[in-house]
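Student: Handing you this structure, nothing more for now.
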Amino acid sequence: YLRAIMDSCGGRYYEGPVKLADRIAAKANGDYGGSIRSVVDTCRGSGIFQSIEGYTKAVDILAQDPGPGDDKPLILRTKDKITTPWPSGYRDVLMNLTGPETDGRVVGLQLHFLESQELKVSLHSRYH
């Protein structure tokens, strides 16, 4: 479903690897006081865009509230690093969501512009 949204908006969807145990432990210790159960986004993917129009369209589609019986994703949390980028200039939006293909599991979805994705690869090793 996420791939279909990205494709329909002119982006590309890339399914990421499942977070490794050491990264889950680091996130639990750094963000959740050591609670492994609080790390819910161990599965993740990225949507990469070359245009603001496609990016905005994807965000608009994802942000629509699902109605009863809808097969749309439900956004549970969003981190905006577009309007507040890292000092390096890296920007993205991270969403934790559930959807029709997740069986109730929370997945992480990062939305990037192609240029930011290339910067991420060079600066942000914990996602490799």
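Read-outs throughout are calculated quantities, based only on the coordinates presented, and are distinct from any laboratory measurement. What you are looking at is a predicted structure, and each value in this text was computed from that prediction instead of being measured. Please note: Cβ atoms are built from the backbone with ideal geometry, for glycine as well, and neighbour counts cover all protein chains shown.
Student: For the chain, calculate the relative contact order in percent as a whole number, restricting contacts to Cα pairs under 8 Å that are 6 or more residues apart.
Tutor: Relative contact order, the chain: 24 percent.
Student: List the lysines whose Cα lies under 22 Å from the Cα of LYS19, skipping any in the same chain that are fewer than 8 positions away.
Tutor: Straight-line reach from LYS19, under 22 Å: LYS27, LYS79, LYS81, LYS120.
Student: Moving on to the next point. Treating only the Cβ atoms of Lys and Arg (+1) and Asp and Glu (-1) as charged, compute the dipole magnitude of the chain about its Cα centre; round to the nearest 20 debye.
Tutor: 460 debye
Student: Moving on. Compute log10 of I(q)/I(0) for the chain with the Debye formula, placing one identical point scatterer on every Cα and leaving out solvent, at q = 0.11 Å⁻¹, to two decimals.
Tutor: So the normalised log intensities are -0.39.
Student: OK, next. Which is the longest stretch in the chain that no exposed loop site breaks, taking sites as trypsin sites (Lys or Arg not before Pro) with a DSSP loop state and at most 16 other Cβ atoms within 10 Å?
Tutor: 1-80
Student: TRP86 versus ASP70, label points 7 Å from Cα toward the beta carbon: distance in nm?
Tutor: Label at TRP86, label at ASP70, 3.3 nm between them.
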